[in-house]
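Accompanying notes for the structure given below.
The values are calculated or read from the model by the stated rules, or taken from the named source; none is laboratory data. Keep in mind it's a predicted model, so treat the numbers as computed, not measured. Cβ placement follows ideal geometry from the backbone for every residue including glycine, while neighbour counts extend to all protein chains displayed.
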Amino acid sequence: MLPEWKPALDALIGARHGGRIEHLAPALRELDRRYPNVPEIAAELGYTLAAQDALPEALAAYERALALGLPSPAEQANTLAGHAICLLRLGKAVEAAHALDSARIQFPNHSEFTAYLALARHQAGATSEGFALLLGLLLETSEDLGLSAHQRTLRALLAPTPADAV
């Protein structure tokens, strides 16, 4: 049996196809007010608010959704990504990096977390570390024959040298 709030949420989410979201935030806020402890509603509110550049409110919605606990791994991963992106867009790169480190532990096969972490490290001033993460991700995910042929050398060049330790 579906929870009482589910049909209303599904109808709202279905209405956002085609990029039309301007009417959704008030309806999602109302649904969230009626069902304040539903992580799926909070996550969708966060997504909608972030898409409308209402970033502080979106961040709060994402954090509430994560604190309440999402029922599926896919929803959890999407909400973690949305939360980290919101932090990045708010200029909170160090916080985003911590959140993304945690997300990578929970979802080691989700390459998007590594890409966002590379960006967070770069924004936080750890440009070399961000570059190394991004190049490592490229080497792991690319099917390019040239990169495959040079993968070992590229990885060796990424490794810290004794001069780096000085």
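Of the residues that sit in segment 80-96 and are part of a helix (DSSP H, G or I) and out of contact with any Leu (no Cβ under 8 Å at 6 or more places or on another chain), which one is farthest from GLU112 (Cα to Cα)? Applying the filter and picking the extreme gives VAL94.
Just give me the residues in segment 129-155 being polar (S, T, N, Q) and surrounded by 13 or more Cβ atoms within 10 Å (Cβ to Cβ), in sequence order. Let's see the steps before the verdict.
Pass one, segment 129-155, residues polar (S, T, N, Q): 141-142, 148, 151, 153.
Across segment 129-155, the qualifying residue is only GLN151.
Has segment 97-112 got at least one residue that is within 29 Å of PRO36 (Cβ to Cβ), among the basic types (Lys, Arg), touching a helix residue (DSSP H, G or I) at 6+ places or on another chain (Cβ under 8 Å) and at pLDDT 95 or above? No. Within segment 97-129, the set of residues being in a loop (DSSP other than H, G, I, E, B) and either in contact (Cβ under 8 Å) with a residue 40 or more places away in the chain or over 11 Å from the mean Cα position of the chain (by Cα) (or both) comprises PHE107, PRO108, ASN109, ALA124, GLY125, ALA126. Screening LYS92 on (1) under 20 Å from GLU63 (Cα atoms); (2) in contact with a helix residue (DSSP H, G or I) (Cβ under 7 Å, 6 or more places away or on another chain); (3) crowded, with 17+ Cβ neighbours inside 10 Å shows it passes everything except condition (2).
Mind checking which residues of segment 4-15 are of a type in the set (A, V, I, L, M) and either part of a helix (DSSP H, G or I) or on the phi > 0 side of the Ramachandran plot (or both)?
Once the filter is applied, which keeps residues that are of a type in the set (A, V, I, L, M) and either part of a helix (DSSP H, G or I) or on the phi > 0 side of the Ramachandran plot (or both), segment 4-15 yields ALA8, LEU9, ALA11, LEU12, ILE13.
Among helices (runs of 4 or more DSSP H) entirely within segment 16-79, having at least 3 residues that are surrounded by fewer than 18 Cβ atoms within 10 Å (Cβ to Cβ) singles out 24-34, 55-68.
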